[in-house]
Amino acid sequence: MSSANNPSTKDMSKLSVFIKGLVFIFALNLLIDRGAQLFPVYSLGGNFNLLNTLLLSFKLPSFWTGLLVPVIYLCALWTAADFLKHFEFSKVFDDKSLRSLQSIGADLMYAAMAAILLVPSLEGWINQGSRSVKTLWDIEAVTIGMIGLILKYVAQRARNLQIKVDGFV
């Protein structure tokens, strides 16, 4: 049976497109949210100057650091949509599928590390002038990071096993 006629493939392809649409909506929402943070700057002054507004955004640490973790999550979600589409058409865990799973796991781990270590440290450096490393052990970030680690580990093990199996054949 052709994968193009399979209703499951069509559903998964639609799901992949839907997920990518959500990523686009979430990214747009993130940009609008950041714009809303700067809105009072140019609405109170009466004259909007893009350069001055951008320079002011550098004085707001949460403006830029608040983008880091969500952007990495959106990258993981985009990769997951690509993986879903590829897997549904190929129906096998080939090297491309396993690399996609590793990439999703790595993105989730990077986002967790950024949420736990990088963002709190950067905000502390900018806000308080301290040069120490700060951490924010949040259960959600730790959980997502551990899921990413497990996903990456399982995909790596599967790739290694696939290489061994291909070596025997």
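The values are calculated or read from the model by the stated rules, or taken from the named source; none is laboratory data. Values in this document were obtained by computation on a predicted structure and should not be read as measured data. So basically every Cβ, Gly included, is an ideal-geometry build from the backbone, and we count neighbours across all protein chains shown. The area values use the complete protein model at the heavy-atom level, side chains included, leaving out ligands, DNA and RNA. Shrake-Rupley method; radii C 1.70, N 1.55, O 1.52, S 1.80 Å.
Things to note:
- With respect to (1) in contact with a Gly (Cβ under 6 Å, 6 or more places away or on another chain); (2) open to solvent by 20 Å² or more (accessible area, probe 1.4 Å); (3) not aliphatic (A, V, I, L, M), the lone exception for residue 105 is condition (2).
- Flag for residue 104 being closer than 30 Å to residue 17 by Cα, in a helix (DSSP H, G or I) and not small (Gly, Ala, Ser): yes
- Filter pass, residue 53 being of a type in the set (Val, Ile, Thr) and surrounded by fewer than 17 Cβ atoms within 10 Å (Cβ to Cβ): yes
- Residue 167 vs. criteria in a helix (DSSP H, G or I) and surrounded by 14 or more Cβ atoms within 10 Å (Cβ to Cβ): no
- For the range 125-142, a tally of residues being surrounded by fewer than 13 Cβ atoms within 10 Å (Cβ to Cβ) and outside any loop (DSSP other than H, G, I, E, B) returns 4.
- Applying a threshold of 7 Å to beta carbon distances and a minimum spacing of six or more residues, or different chains, the list of pairs starting in the range 20-32 at a residue that is assigned to a helix (DSSP H, G or I) and ending at one that is open to solvent by 50 Å² or more (accessible area, probe 1.4 Å) reads 20/78; 23/77; 23/78.
Rundown of residues vs (1) within 17 Å of residue 80 (Cβ to Cβ); (2) surrounded by 17 or more Cβ atoms within 10 Å (Cβ to Cβ), yes/no style:
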site	(1), (2)
101	yes, yes
113	no, no
117	no, no
123	no, yes
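- The set of residues from the range 82-99 being of a type outside the set (Asp, Glu), in contact (Cβ under 8 Å) with a residue 24 or more places away in the chain and open to solvent by less than 30 Å² (accessible area, probe 1.4 Å) comprises just one member, 98.
- Annotation: of all residues in the range 1-21 being closer than 30 Å to residue 66 by Cβ, surrounded by 14 or more Cβ atoms within 10 Å (Cβ to Cβ) and not polar (S, T, N, Q), the one that is modelled with the lowest pLDDT is 15.
- When 36, 76 are screened for being small (Gly, Ala, Ser) and under 20 Å from the mean Cα position of the chain (by Cα), only 76 passes.
- Residue-level check: of (1) touching a Gly at 6+ places or on another chain (Cβ under 9 Å); (2) within 25 Å of residue 25 (Cβ to Cβ); (3) surrounded by fewer than 19 Cβ atoms within 10 Å (Cβ to Cβ), residue 76 misses just (3).
- Filtered residues of the range 88-117 (kept if under 22 Å from residue 58 (Cα atoms) and in contact with a helix residue (DSSP H, G or I) (Cβ under 7 Å, 6 or more places away or on another chain)): 111, 114, 115, 116
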